[in-house]
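Student: One structure, pasted below without further comment.
The values are calculated or read from the model by the stated rules, or taken from the named source; none is laboratory data. Just so we're clear, the structure is a prediction, and the values are computed from it rather than from any experiment. All Cβ positions, even for glycine, are placed from backbone atoms using ideal geometry, and neighbour counts span all protein chains on display. In case anyone asks, the SASA skips ligands and DNA or RNA and just uses the protein heavy atoms, side chains included. Shrake-Rupley method; radii C 1.70, N 1.55, O 1.52, S 1.80 Å.
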Amino acid sequence: MGAEILTYPSAFTETTGKAHWEVLLRARAIENQCYVIAAAQTGRHNDKRASYGHAMVVDPWGRVVACCHESGADVALAEIDLECVQQVRTEMPIMQHRRTDLYGRLPPDTQTDDATTDEDVYMFGDHAVTAAQVFYKTRSSFAFVNRKPVLPGHVLVASLRRVERLKDLTRSEVADMFATVQLLERTLTPYHNATSATIAIQDGPDAGQTVKHVHVHILPRRPGDFEQNDDVYEKLEKHDREEEEEEAVTKKWRSDAEMEEEAQLLKRLFM
């Protein structure tokens, strides 16, 4: 995650401290390629418990560069050399060897810092979505306004990686996508004065998928928006079918200006 220093307050017993304390700290420093600074309680607390102490500082190569004495209160001093961190990470670039295709990555809880710009274009299947139409983005997903919404507030969440089916996503991508869906639904439902929401995936052509890119529909719902509640699924299946008369479909599409205006309003909700 980019940390250069990890800190650990602790109170190891004398038995576990002698066996495990130093080796655990050195392992954490080596595997994360960073400094470990570990404070430790020391001395006897009562008749039944005594703490091991030995507060220490370990460098990114796993060397103990400072350690407190065995007994009594003590202070250990060490110089932190961040160039050492960079040298170790350059000579042994383990982060570049991560197999995220097999094991995924932890999804972020919030929007990424690299905000979209006007030059960015996101591919949704074979369709280009401009950055001005995107209102939320994480490391694995992006949310954008709909060219032909079934209901007001109908938006889409798609994976950044272009895959057709839900089964093609990694576990971390699935977690990221649905964490994004949950956040958007929680925010957009009250924003649109709705009482509920329909969350839907059309996973494959026989389920109504028209764009070959896995995506989730979020539709704010209000009482009476459909005569029969399940009519929403028929509307979703047919609302952007290409076999309709092209002119009729085009007339129902919103302009880029309309979509960009909505995206700018929604983007402010997540700043």
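Student: Can you list the helices (runs of 4 or more DSSP H) found entirely within the range 1-112 that contain at least 3 residues being aromatic (Phe, Trp, Tyr) and either modelled with pLDDT of 95 or more or closer than 30 Å to Gln182 by Cβ (or both)?
Tutor: none
Student: Hey, another quick one. Can you tell me which of (1) touching a residue at least 60 places away in the same chain (Cβ under 8 Å); (2) crowded, with 19+ Cβ neighbours inside 10 Å is the one Ile80 doesn't meet?
Tutor: (2)
Student: Which one is surrounded by the most Cβ atoms within 10 Å (Cβ to Cβ) among residues in the range 33-61 that are touching a residue at least 40 places away in the same chain (Cβ under 8 Å) and of a type in the set (S, T, N, Q)?
Tutor: Filtering first and then ranking leaves Gln33.
Student: Let me ask something else about it. Note down all Cβ pairs under 6 Å where the first residue falls in the range 5-18 and is free of Cβ contacts under 8 Å to residues at least 60 places away in the same chain, the second is open to solvent by 50 Å² or more (accessible area, probe 1.4 Å) and assigned to a loop (DSSP other than H, G, I, E, B), and they're at least six residues apart or on different chains.
Tutor: Qualifying pairs under 6 Å: Ala11/Gln41.
Student: When you check Val214 against the structure, is it modelled with pLDDT of 95 or more and either within 19 Å of the chain's Cα centre (by Cα) or within 15 Å of Lys148 (Cβ to Cβ) (or both), yes or no?
Tutor: yes
Student: Go through the residues of the range 5-27 one by one and say whether even a single one is touching a Pro at 6+ places or on another chain (Cβ under 9 Å) and surrounded by 15 or more Cβ atoms within 10 Å (Cβ to Cβ).
Tutor: no
Student: Condition test on Ala132, is it touching a helix residue (DSSP H, G or I) at 6+ places or on another chain (Cβ under 6 Å), open to solvent by 10 Å² or more (accessible area, probe 1.4 Å) and not polar (S, T, N, Q)?
Tutor: Against the criterion (touching a helix residue (DSSP H, G or I) at 6+ places or on another chain (Cβ under 6 Å), open to solvent by 10 Å² or more (accessible area, probe 1.4 Å) and not polar (S, T, N, Q)), Ala132 qualifies.
Student: Would you mention how many residues in the range 171-206 are open to solvent by 30 Å² or more (accessible area, probe 1.4 Å) and of a type in the set (S, T, N, Q)?
Tutor: Here the count works out to 5.
Student: Anything in the range 184-208 that is under 19 Å from Glu262 (Cα atoms), without any contact (Cβ under 8 Å) to a residue 40 or more places away in the chain and assigned to a helix (DSSP H, G or I)? List them, or say none.
Tutor: Listed by number, the residues that qualify are Glu185, Arg186, Thr189, Pro190.
Student: I would also like to ask the following. Can you tell me which residues in the range 58-76 are hydrophobic (A, V, I, L, M, F, W, C) and in contact with a strand residue (DSSP E or B) (Cβ under 6 Å, 6 or more places away or on another chain)?
Tutor: Result: Val58, Val64, Val65, Ala66, Cys67, Ala76.
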